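Here the structure comes first, spelled out in structure tokens, and everything after it is commentary.
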Amino acid sequence: MSKVVEISPTTRHEGHSKLVLKVDDAGIIERGDWLSITPVRGVEKLAIGKTMDQVPKIASRVCGICPIAHTIAATEAMEASIGCIIPDDAYLLRVILQCANRAHSIALHNILSLPDMYLPGTDTKINPFSPEEPVRSVAKRIQRIREIAQTIGEISGGEAVHPSNTRVGGMFVNVSPRAKAKMYDLAKEGLALARDQMEFMIAIFRNYQKRDWAEVGGMKVDIPETLGYHNQGYMATDPIYGSSSLDENPTWDISRFNEVRPWDWYMGEMEVTDDYPDYPVGGTTKKGTKTWPQMEANTGVPLYDGQPVEVGPRARMVTFKNFDEKGTIGQQVARQMEYTDTFYKIIECLDALNTNGKVFVDELPTGDGSLGWAANEAPRGSDVHLARVNNGKVEFFSMLVPTTWNFPTCSRALTGAPWQLAEVIMRGYDPCVSCATHMIVVDEDQRIVAQKLIQ
């Protein structure tokens, strides 16, 4: 007979989510649901009636981790709707900004992933804030990579968090020759540090992969070779940047996308039957608690070709670089392999950047209500924004963000793992849950209807 364990909230990621797990007598997950319980953002509704310049700024505020990806995706969705092709040097500045954001994000996720891992040759878990070597040197390297990436982002984007230089039609200003030289020097330093950090992190993940067991809340848990495996497909639009409906050959197809209700995907009402007070952090949900994933999920379930897909570093590696390793460790290794790619691309773009080149279009269309989309390859995966702009005002706006795509895929990847390792699997996706949470609908009696309206 199946038991029910609930981990709520999950930890070491942005936003609030929960794991509802049906497990067998040995504690192995028979079915798992991972879902958002973050309060609804309402960004897509706030966008309606706003100007096409306002909406990217609104979209960037959906969370504090992914503002650059959302700014670029929303801006390019507006441009796709109005049919605006930006100048080459504006595009190069956006790619530099994108890569800086990715490098910073990978470094941040290193901090979140390391506490699950062990120092090679020991049974000692890694505390990334330890003053002991070699961890202290690694932590300092992570922080320097973040500092470099944030500085490059601030120079190219105007600000390191919410990029003020990006605008519909290009960029507000180009960078000076001196600023270009500074970014170049920073990128060369970052490349060397990223290579060392990549090698260190891959060694740590390989060490975990070879281990027979892990300790979780005082429980010794076997690590299966198939940890985090799933049989779903992958979706990626570009190794580094993205695609839009303005491209000659777009790499995302809106006709292959559809979205279903949480009611049609998640499990129904259940009662928690087992609890574990020593499980980090704060114990699992108490026995007797009612849980109802169908009604609690605050996201729709996006499908591509009728199935959930994985987006993110591994999806990009599988699609464009013949990477073929499955499971949570394969996912983590793929993320580290993107470290150096980001700095190589920054250097490549800086070599091509003309600091005297124009960065804004000569004439900015105002739109006729046509549907446009842009898929930005955010650190966590394909960030697809759709928009209709008419006479400069937004009539429709939708965000299909990476973690929204990954919720159903990760849910399937939980099957077959010990329930104590469910968060390790979930953290492999580097989730940004607030970004994924957009709207709910209530009926005439103010009861929640688990459905996201699609226009």
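The values are calculated or read from the model by the stated rules, or taken from the named source; none is laboratory data. It should be emphasised that the depicted structure is a prediction, and the values quoted were computed from it without experimental measurement. Cβ placement follows ideal geometry from the backbone for every residue including glycine, while neighbour counts extend to all protein chains displayed. Quick note on the areas: whole protein, heavy atoms, side chains included, nothing else; ligands and nucleic acids left out. Shrake-Rupley method; radii C 1.70, N 1.55, O 1.52, S 1.80 Å.
Overview of results
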quantity: Wholly enclosed strands (runs of 3 or more DSSP E) of the range 211-269 bearing at least 2 residues closer than 30 Å to residue 119 by Cβ; calculated: 213-216, 219-222
quantity: Scan of the range 105-123 for residues that are under 14 Å from the mean Cα position of the chain (by Cα) and free of Cβ contacts under 8 Å to residues at least 60 places away in the same chain, ordered by number; calculated: 108
quantity: Pair list, Cβ under 9 Å, 6 or more apart: the range 251-276 residue without any contact (Cβ under 8 Å) to a residue 24 or more places away in the chain, other residue surrounded by 15 or more Cβ atoms within 10 Å (Cβ to Cβ) and not hydrophobic (A, V, I, L, M, F, W, C); calculated: 253/304
quantity: Residue selected from the range 49-67 under the condition under 19 Å from residue 369 (Cα atoms) and in contact with a helix residue (DSSP H, G or I) (Cβ under 9 Å, 6 or more places away or on another chain), by the criterion surrounded by the most Cβ atoms within 10 Å (Cβ to Cβ); calculated: 52
quantity: Considering residues of the range 148-177 that are under 23 Å from the mean Cα position of the chain (by Cα) and part of a strand (DSSP E or B) only, the residue surrounded by the most Cβ atoms within 10 Å (Cβ to Cβ); calculated: 166
quantity: Evaluation of residue 73 against (1) in a helix (DSSP H, G or I); (2) open to solvent by 10 Å² or more (accessible area, probe 1.4 Å) (one fails), failing number; calculated: (2)
quantity: Filter result (among the hydrophobic types (A, V, I, L, M, F, W, C) and open to solvent by 10 Å² or more (accessible area, probe 1.4 Å)) within the range 387-408; calculated: 396
quantity: Residues of the range 240-272 satisfying the condition of being farther than 25 Å from residue 98 by Cα, among the β-branched types (Val, Ile, Thr) and open to solvent by 30 Å² or more (accessible area, probe 1.4 Å); calculated: 260
quantity: Members of the range 25-42 that are touching an Asp or Glu at 6+ places or on another chain (Cβ under 8 Å) and either open to solvent by less than 50 Å² (accessible area, probe 1.4 Å) or closer than 23 Å to residue 62 by Cβ (or both); calculated: 35, 37
quantity: Any pair with Cβ under 8 angstrom, 6 or more apart, that starts in the range 169-194 at a residue that is on the phi > 0 side of the Ramachandran plot and ends at one that is of a type in the set (A, V, I, L, M); calculated: 169/86; 169/361; 169/364; 170/86; 170/90; 170/359; 170/361
quantity: Filtered residues of the range 290-311 (kept if touching a residue at least 40 places away in the same chain (Cβ under 8 Å), exposed (fewer than 15 other Cβ atoms within 10 Å of the Cβ) and either closer than 19 Å to residue 35 by Cβ or in contact with a strand residue (DSSP E or B) (Cβ under 6 Å, 6 or more places away or on another chain) (or both)); calculated: 307
quantity: So residue 380, is it among the basic types (Lys, Arg), within 30 Å of residue 214 (Cβ to Cβ) and modelled with pLDDT of 95 or more; calculated: yes
quantity: Members of the range 129-147 found to be open to solvent by less than 40 Å² (accessible area, probe 1.4 Å) and under 15 Å from residue 336 (Cβ atoms), listed by number; calculated: 138, 142, 145
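Here is a yes/no grid of residues against (1) out of contact with any Lys or Arg (no Cβ under 8 Å at 6 or more places or on another chain); (2) farther than 29 Å from residue 436 by Cα:
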{"site": "335", "(1), (2)": "no, no"}
{"site": "352", "(1), (2)": "yes, yes"}
{"site": "360", "(1), (2)": "no, yes"}
{"site": "377", "(1), (2)": "no, no"}
{"site": "387", "(1), (2)": "yes, no"}
{"site": "407", "(1), (2)": "yes, no"}
